[in-house]
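To keep things clear, I will list the structure first and then write my remarks on it.
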Amino acid sequence: MSTTTNCAPRLESSLMANHSPVVFIVDDDVSVRESLEALVEELGWQPKAFASAQAFLAQPPPTSPNCLVLDVSLPDLNGLEVQSRIAGERADMPIIFITGHGDIPMTVLAMKAGAVEFLTKPFADEVLVLAIRGALERSQIALSEQSSMRALRDRYDFLSRREREVMSLVVRGLLNKQVAGTLGISEITVKAHRGQVMRKMRARSLPELVSLAARLGLETAGNS
């Protein structure tokens, strides 16, 4: 890695509005760890460095935008094994691989598994910083989507059983009269439940409600 400094601007303020982005560094070479820590800190991000994969894996996932700068060759687990372990539980953590030697098959495997970059040492600071910035932005998008889905599920969970039944039929394209016949209730009652569904789901129109239902994985007129 080169010693270029002041090679990139800080992340946009929107990325750092709530929590300082975290850059995890896993490398068993102490000189590399210290150099990367200093670079990350200089750019206003929060470095967390580890000498082994197991030490890193023991850390709880962060709630702020984050990424992982991961050495391919480690004393306990190799980088691809670490990538496989965190794929499910830390999907919002993009990985930037670094290695002391070029390995095309391993690079292909890592990139196919979702790595954002595979850098061969020595590399310029500018290259790494650009990769980290892109990874943190990707992480923020993933965290925002997760937050949005949690809020959507919470709104859906707040519906009563009957309101869910009405919503299920409405988003599948049934008219109020058909919903009433299916559920054995009056059309006026259907309209009342439908109004509650729209309010609780914060849907301003039927197409928007259908879109929300699709995000929840419910059967809709478009995916039945």
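Here are the numbers for the structure shown:
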| item | result |
| --- | --- |
| Those residues of region 169-222 which are surrounded by 13 or more Cβ atoms within 10 Å (Cβ to Cβ), over 17 Å from Ser148 (Cβ atoms) and among the hydroxyl-bearing types (Ser, Thr, Tyr), in sequence order | Thr182, Thr189, Thr220 |
| Members of region 133-171 that are of a type in the set (Val, Ile, Thr) and modelled with pLDDT under 95 | Ile141 |
| Region 55-71: number of residues that are in contact with a Leu (Cβ under 7 Å, 6 or more places away or on another chain) and over 16 Å from Pro94 (Cα atoms) | 0 |
| Residue match in region 63-85 (condition: free of Cβ contacts under 8 Å to residues at least 40 places away in the same chain and within 12 Å of the chain's Cα centre (by Cα)) | no |
| Of all residues making up region 131-141, the number that are surrounded by fewer than 15 Cβ atoms within 10 Å (Cβ to Cβ) and more than 13 Å from the chain's Cα centre (by Cα) | 0 |
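The values are calculated or read from the model by the stated rules, or taken from the named source; none is laboratory data. As the structure is a prediction and not an experimental result, all values here were calculated from the model. Neighbour counts run over all protein chains shown; Cβ positions are idealised from the backbone, glycine included.
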